[in-house]
Amino acid sequence: MMTDINEYINVDFKPFKKTDSVFEIKSFFEESDFSHFPLVEETTYLGCLSNEDALFFDEDKSVSDYNYSLKGFFGYKEYDLITILDLFAKNKTNIMPVLDENKSYVGYYHIEDMISLLCELPFLNEYGGLLIVEKDADNYTMAQTAQIAESTNAKVLGMFVSKIVDQKVIITIKLNQDITDEVLQSFRRYGYEIINKHDEDSYLSKLKERSEYLDKYLNI
């Protein structure tokens, strides 16, 4: 059973206060690996200060003089792991402030803990085969993709859209078994192109062999 993401809410370091000096902030960043860190007023989250921005702050001033530089990203306690990871990526940060249902600051997530949690997902740690397929972006549904996979008696452990390029969608699928000819041909019948190569994919090998044979025959 996967660990509850809220168990990783961290309170080891207290958030910055508006009365903190820039000197204190710079010293904190120098001694830590945080790319950002939250600023609060009592329990109200005001935003995050950036390590890079702080380098250019005047040490004789207080943090409140630099409110304009605050970054407003955060996540709620009820958010799931994937949503939180998406926020990490979009904001290019290694820390994510966490707020409760009353929008009060409760702590923060660190990216290393979230990666550890991600590795607990069946998509990554369960045995199975990985299949990457491509389809027209306006001519597919995730439900159809799952149905095609499970029509071969396989079970889908996870599935996500990994890229959208030139009106084509690329879907990564994790099954609970090795990728067989039956799976590959099922997807081809529905117009999916197989992106990643599989040793079990004798279908293309046979086509190539027949093509080479015909080529030799026609040149006799």
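The values are calculated or read from the model by the stated rules, or taken from the named source; none is laboratory data. Since we're looking at a predicted model, the values are computed, not measured. Using ideal geometry, Cβ is built from the backbone for each residue, glycine included, and neighbour counts are taken over all protein chains shown. Calculation scope for accessible area: heavy atoms of the full protein, side chains included, ligands and nucleic acids excluded. Shrake-Rupley method; radii C 1.70, N 1.55, O 1.52, S 1.80 Å.
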Checklist entry - Counting only residues that are at pLDDT below 90 and buried (at least 18 other Cβ atoms within 10 Å of the Cβ), which one in the range 109-128 is nearest to Asp33 (Cα to Cα)? => result Leu117
Item to check | the range 181-220, residues that are assigned to a loop (DSSP other than H, G, I, E, B), under 14 Å from Thr152 (Cβ atoms) and at pLDDT 90 or above | outcome: Tyr190, Tyr192
Next on the checklist: Any residue that is surrounded by 13 or more Cβ atoms within 10 Å (Cβ to Cβ), touching a residue at least 60 places away in the same chain (Cβ under 8 Å) and more than 19 Å from Ile82 (Cα to Cα) - is there at least one of those in the range 134-152?
Outcome noted: yes
Checklist entry - Across the range 49-69, what is the number of residues that are assigned to a loop (DSSP other than H, G, I, E, B) and open to solvent by 40 Å² or more (accessible area, probe 1.4 Å)? => result 6
Item to check | Subset of the range 29-48 [assigned to a loop (DSSP other than H, G, I, E, B), out of contact with any helix residue (DSSP H, G or I) (no Cβ under 9 Å at 6 or more places or on another chain) and free of Cβ contacts under 8 Å to residues at least 40 places away in the same chain] | outcome: Glu31, Glu42
Checklist outcome for this item: Expected output for the range 178-193 (first residue free of Cβ contacts under 8 Å to residues at least 60 places away in the same chain and of a type in the set (Ser, Thr, Tyr), partner surrounded by 15 or more Cβ atoms within 10 Å (Cβ to Cβ) and part of a loop (DSSP other than H, G, I, E, B), Cβ below 6 Å, 6+ apart or cross-chain) is Ser186/Thr152
Checklist entry - Which numbered condition trips up Glu101, out of (1) under 22 Å from Lys14 (Cα atoms); (2) open to solvent by 70 Å² or more (accessible area, probe 1.4 Å); (3) in a helix (DSSP H, G or I)? => result (3)
Checklist entry - Of the numbered conditions (1) among the aromatic types (Phe, Trp, Tyr); (2) assigned to a loop (DSSP other than H, G, I, E, B); (3) at pLDDT below 95, Phe73 satisfies every one except a single condition; which is it? => result (3)
Checklist entry - Quick check: anything in the range 76-94 open to solvent by 60 Å² or more (accessible area, probe 1.4 Å) and closer than 23 Å to Thr19 by Cβ? => result no
Checklist entry - Quick one: is Lys26 open to solvent by 30 Å² or more (accessible area, probe 1.4 Å) and either outside any loop (DSSP other than H, G, I, E, B) or polar (S, T, N, Q) (or both)? => result yes
